[in-house]
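Undergrad: Structure incoming, see below.
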Amino acid sequence: MDRRSFLQTIGSVGLMGALPESSFAAHTGSGHIVHEIAQPAQETDAKPSHTIRFAVCGMSHDHIYGMIGAIQRGGGVMVAAYGAEPDKIAVFRKRFPDVKVASSEEEILNDPSIQLVMSSKIASERAALGIKVMKHGKDYLSDKPGITTLEQLAEVRKTIAETKRIYGIMYSELLEVKAAVKAGELVQAGAIGRVIQTINIAPHQIMQKSGDNGGGAPRPDWFWNPDQYGGILCDIGSHQVDQFLYYTGSTKAEIVESQIANIAHPEHPRFQDFGDMVLRGNKGFGYVRLDWFTPDALGTWGDGRLFILGTQGYIEVRKYTDVAVKPQGNNLFIVDGKQSRYIDCNNIDLPFGPQFVADIVNRTHTAQDQEQALLAAELVITAQKNAKLVHMNA
């Protein structure tokens, strides 16, 4: 008799309670469990050490507001803004009524007092703007993806070499997520040994009651066009590949395989709502899964997960929620040879803003490694270009 039939038989005759409790129960484990709340470093309590003047030039995606917040925390002063979409400018004016609205990109580019220009304009247009910014003697911070073609990437690298300017890309799922920052600290401290692999699960939601697309407003036309948004692997995958490089410490990497599909959006035939890729670096392996299928009941735009496997333990980061447990994000779980720990990371400080402002002043690359940022772009562009387009039967 198999196990299921046996359990049904003894249950029907009332013998289940007579069996030893451990006979069929799952093993619950006996490791030491610790819950803690991570605290900010004392030195981050001080005011920013530096200040710069910056401007916004293009605001097609609402990620620009997070970018502005990061640089302001670092001591940046926003002095001007330009945007081509009237609806985006209207929202911006409400948020920042005291900031001058420029009449053109050139007005900002030709202002010698502006040290940094940031942009979240249509993805395919970001690199061309960044090249102009650097040639005007300013540093640049782009929303992700910061580059959408290999031709753009070559020109960006050439311009960096010629101008010695900074071309930053806001990979916010690492740089602006507190639990991801804490995971980096633990990895660098050797908490799980040598990192072997990262796995990133990155679901997204197309229509939100609130969030990036303006409180449930329809997505713009460029959102559906891969020539403009870069494709799913290049676009939202850029976050994840940046994390793969950062946590594994890989300085060289290749795309082993990649695939894309449009499963449920036939009204937008070129849109990609699913994609994944496998990566191999010189210091670790990676897997990334991306999709646009987050259900409404989650309560946030996506249940982003990061898994870091090490030789002496592993880390899981539940970035934006803890499903069916609590809506709070920034949840980190770490298991090593001695204990299992849950760390609430919501109280720690985000270092990117102050570090990036300091980099502009000091001509350093502390906030973001320039080569790593561009390598992440190169990898996702390559993955997108070579991805197998899969057609699923209904």
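Undergrad: Can you confirm whether V117 is in contact with a Gly (Cβ under 9 Å, 6 or more places away or on another chain), farther than 25 Å from I232 by Cβ and part of a strand (DSSP E or B)? I'd like the intermediate steps shown before the answer.
TA: Working: in contact with a Gly (Cβ under 9 Å, 6 or more places away or on another chain): yes; farther than 25 Å from I232 by Cβ: yes; part of a strand (DSSP E or B): yes.
Here the answer is yes, as V117 does meet what is asked.
Undergrad: Consider R289 against the criteria (1) farther than 26 Å from I206 by Cα; (2) surrounded by fewer than 18 Cβ atoms within 10 Å (Cβ to Cβ): it satisfies all of them except one. Which criterion is unmet?
TA: (1)
Undergrad: For the condition without any contact (Cβ under 8 Å) to a residue 12 or more places away in the chain, in a loop (DSSP other than H, G, I, E, B), farther than 15 Å from K182 by Cβ and under 19 Å from the mean Cα position of the chain (by Cα), what is the one hit in T294, T366, T300?
TA: Details: T294 fails: without any contact (Cβ under 8 Å) to a residue 12 or more places away in the chain; T300 fails: without any contact (Cβ under 8 Å) to a residue 12 or more places away in the chain.
Residue meeting the stated conditions: T366.
Okay, residues lined up against (1) assigned to a strand (DSSP E or B); (2) β-branched (V, I, T); (3) at pLDDT below 75:
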position: F6; (1), (2), (3): no, no, yes
position: T9; (1), (2), (3): no, yes, yes
position: E21; (1), (2), (3): no, no, yes
position: T28; (1), (2), (3): no, yes, yes
position: V34; (1), (2), (3): yes, yes, no
position: M67; (1), (2), (3): no, no, no
position: I71; (1), (2), (3): no, yes, no
position: A80; (1), (2), (3): yes, no, no
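Undergrad: Quick one: in segment 306-334, of everything that is free of Cβ contacts under 8 Å to residues at least 24 places away in the same chain and of a type in the set (V, I, T), which residue is surrounded by the fewest Cβ atoms within 10 Å (Cβ to Cβ)?
TA: Across segment 306-334, the extreme among qualifying residues is V325.
Undergrad: Taking the conditions exactly as written (closer than 23 Å to I381 by Cα, among the small types (G, A, S) and assigned to a strand (DSSP E or B)), does S250 satisfy them or not? Reasoning before the result, please.
TA: Numbers: closer than 23 Å to I381 by Cα: yes; among the small types (G, A, S): yes; assigned to a strand (DSSP E or B): no.
Answer is no for this residue.
Undergrad: In addition: Is it the case that segment 343-363 has a residue that's in contact with a helix residue (DSSP H, G or I) (Cβ under 6 Å, 6 or more places away or on another chain), small (G, A, S), modelled with pLDDT of 95 or more and under 26 Å from P226 (Cβ atoms)?
TA: No, every residue in segment 343-363 fails to be in contact with a helix residue (DSSP H, G or I) (Cβ under 6 Å, 6 or more places away or on another chain), small (G, A, S), modelled with pLDDT of 95 or more and under 26 Å from P226 (Cβ atoms).
Undergrad: Sort out which residues of segment 163-203 are in contact with a Cys (Cβ under 9 Å, 6 or more places away or on another chain) and in a loop (DSSP other than H, G, I, E, B), and write them in order of number.
TA: Narrowing segment 163-203 to residues in contact with a Cys (Cβ under 9 Å, 6 or more places away or on another chain): 177-183.
If the condition is that a residue be in contact with a Cys (Cβ under 9 Å, 6 or more places away or on another chain) and in a loop (DSSP other than H, G, I, E, B), then V177 is the only one that fits.
Undergrad: Determine which single condition E106 fails, assuming it passes every other condition in (1) in contact with a strand residue (DSSP E or B) (Cβ under 6 Å, 6 or more places away or on another chain); (2) within 10 Å of C57 (Cα to Cα).
TA: Of the numbered conditions (1) in contact with a strand residue (DSSP E or B) (Cβ under 6 Å, 6 or more places away or on another chain); (2) within 10 Å of C57 (Cα to Cα), the odd one out for E106 is (1).
Undergrad: Output the qualifying pairs, or none if there are none: Cβ atoms under 6 angstrom, residues six or more apart or on different chains, first residue in segment 141-159 and among the acidic types (D, E), second residue outside any helix (DSSP H, G or I).
TA: Close Cβ pairs (under 6 Å, with a partner that is outside any helix (DSSP H, G or I)) amount to D143/H61; D143/S120; D143/M170.
Undergrad: Could you list, in sequence order, all residues of segment 354-378 that are in contact with a strand residue (DSSP E or B) (Cβ under 7 Å, 6 or more places away or on another chain), over 16 Å from A127 (Cα atoms) and aliphatic (A, V, I, L, M)?
TA: Within segment 354-378, V357, I360, V361 qualify.
The values are calculated or read from the model by the stated rules, or taken from the named source; none is laboratory data. Note that the structure is predicted; figures quoted are calculated from it, not measured. Counting neighbours? That spans all protein chains shown, and the Cβs are built from the backbone with ideal geometry, glycine included.
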